[in-house]
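This report concerns only the one structure given below.
The values are calculated or read from the model by the stated rules, or taken from the named source; none is laboratory data. Since we're looking at a predicted model, the values are computed, not measured. Ideal geometry is used to build each Cβ from the backbone, glycine not excepted, and the neighbour counts take in all protein chains shown.
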Amino acid sequence: MRLEQLTSAAVRDLQSRHTSAVEVGPLADGALHAVLLRDERLEGISSVVRSAFDSDLFGAPIFRVTHAAAVDAAAFELVHRLMLDGVRRAGARQLVRRIDAASFAELWTLQRLGFRIVDIGVTFRLAPSEQAPPDPPGGVEVGPATDRQIAQLLDTATSIFRTSHFYVDPFYPEEQANELHRRWLSNCHHGGLADVVLTSREGDVATGFVTCKVVAAAEGRRIGDIALVGVHRQHQGKRIGTALVAHALRWFASRCDDVHVRTQAINYGAVNLYEKCGFRLLASDITLSKGLEGDE
Ligand SMILES: CC(C)(COP(=O)(O)OP(=O)(O)OC[C@H]1O[C@@H](n2cnc3c(N)ncnc32)[C@H](O)[C@@H]1OP(=O)(O)O)[C@@H](O)C(=O)NCCC(=O)NCCS
């Protein structure tokens, strides 16, 4: 079906052909599922959870679509409409959905439903066994973080991630977006969100950080993830970022088959840094959000 043919009438027609369009949940884990069935065949599903960390930090119920699939664009529209009704009733103020950039049917559906694009992401991959990690540039000292170094770097974390959707999306106040990045780095080091945080130093001054975590294996391959890498503004452009990533790759080399790192497509500095370190583009994604206050 072509997009312009997707009228409300088409959706009503689709709904009438389905034996049931049901909403399941919220379940014990807080998940809510909208399900579209025809003759007991699954034609669409949309699953949503409350983002506990974001909701607590921003003081508003924020929900995230974790999974959605449908047989065609009209089924996507119906299942997402059903899901929107469900999260509105659950008191959601903001709904976020990240999709693969090639999922045009869902993208256009979300736009028709009033979602706006807040982030275009790119994920890079490097396999240490296939490609030797770059040698760290000389003259930059890098090692596992100490509590003191992390304390020094918390302000840096609040000021450098400006391409993040938490700054782009007007729903999030800047001060709380700053706080989110501060806690993110702190939780990586103190809260076990990362396996290790490496920092760069110049004498007593911590100048940058990179977080390393081995995440679940996918298709028999162990995946490592770099969630955050940052260099204090005053120290950028001195190959510190290169040194941090090179050391992180050494840390990953004996633990992972693949290392992934995601950033925004508009973060040219980070994209160039990862390419320079040997990463190759793996995937592109689009994040959309919809504010639900006073919305129908
Ligand atoms: C991205 C970042 C970590 C790079 O650190 P850095 O120490 O400044 O980078 P380096 O000096 O090691 O530069 C390495 C390469 O990255 C690229 N690069 C770095 N900054 C760049 C910029 N502003 N524009 C374009 N390319 C840039 C270049 O290719 C550079 O190599 P070259 O100088 O030989 O051309 C740093 O700019 C930063 O902290 N940015 C804000 C936080 C962030 O966006 N983190 C990534 C997302 S999690």
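Quick look at the numbers
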| quantity | calculated |
| --- | --- |
| Every pair of residues 6+ apart whose Cβ atoms lie under 7 Å, when the first sits in the range 139-159 and is in contact (Cβ under 8 Å) with a residue 40 or more places away in the chain while the second is part of a loop (DSSP other than H, G, I, E, B) | 140/239; 142/136; 156/232 |
| All positions within the range 169-179 that are part of a helix (DSSP H, G or I) and surrounded by fewer than 20 Cβ atoms within 10 Å (Cβ to Cβ) | 174, 175, 176, 178, 179 |
| The range 101-135: number of residues that are within 23 Å of residue 161 (Cβ to Cβ) and not polar (S, T, N, Q) | 12 |
| Test: residue in the range 31-45 that is closer than 30 Å to residue 188 by Cβ and either modelled with pLDDT of 80 or more or assigned to a loop (DSSP other than H, G, I, E, B) (or both) | yes |
| Test: residue 282 is in contact (Cβ under 8 Å) with a residue 24 or more places away in the chain and surrounded by fewer than 21 Cβ atoms within 10 Å (Cβ to Cβ) | yes |
| Residue within the range 145-164 that is closer than 23 Å to residue 256 by Cα and surrounded by 19 or more Cβ atoms within 10 Å (Cβ to Cβ) present | yes |
| Checklist (1) of a type in the set (Val, Ile, Thr); (2) within 14 Å of the ligand (Cβ to nearest atom); (3) more than 15 Å from residue 287 (Cα to Cα) applied to residue 146, failing item | (2) |
| Count of residues meeting criterion [part of a helix (DSSP H, G or I) and either modelled with pLDDT under 95 or more than 11 Å from the ligand (Cβ to nearest atom) (or both)] in the range 157-166 | 2 |
| Matching residues, the range 90-120, being crowded, with 20+ Cβ neighbours inside 10 Å and of a type in the set (Ser, Thr, Tyr) | 109 |
| Any hit, the range 52-65, residues being polar (S, T, N, Q), part of a helix (DSSP H, G or I) and modelled with pLDDT of 85 or more | yes |
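Yes/no matrix, rows are residues, columns are (1) farther than 19 Å from residue 169 by Cα; (2) polar (S, T, N, Q); (3) not assigned by TED's automatic domain parsing to the domain that holds residue 266:
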residue	(1), (2), (3)
71	yes, no, yes
78	yes, no, yes
81	yes, no, yes
92	no, no, yes
96	no, no, yes
103	yes, yes, yes
106	yes, no, yes
109	yes, yes, yes
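To keep it simple, each residue is scored yes or no on (1) within 18 Å of residue 143 (Cβ to Cβ); (2) crowded, with 17+ Cβ neighbours inside 10 Å; (3) of a type outside the set (A, V, I, L, M).
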site: 216; (1), (2), (3): no, no, no
site: 231; (1), (2), (3): yes, yes, no
site: 242; (1), (2), (3): yes, yes, yes
site: 246; (1), (2), (3): yes, yes, no
site: 257; (1), (2), (3): no, yes, yes
site: 266; (1), (2), (3): no, no, no
site: 269; (1), (2), (3): no, no, yes
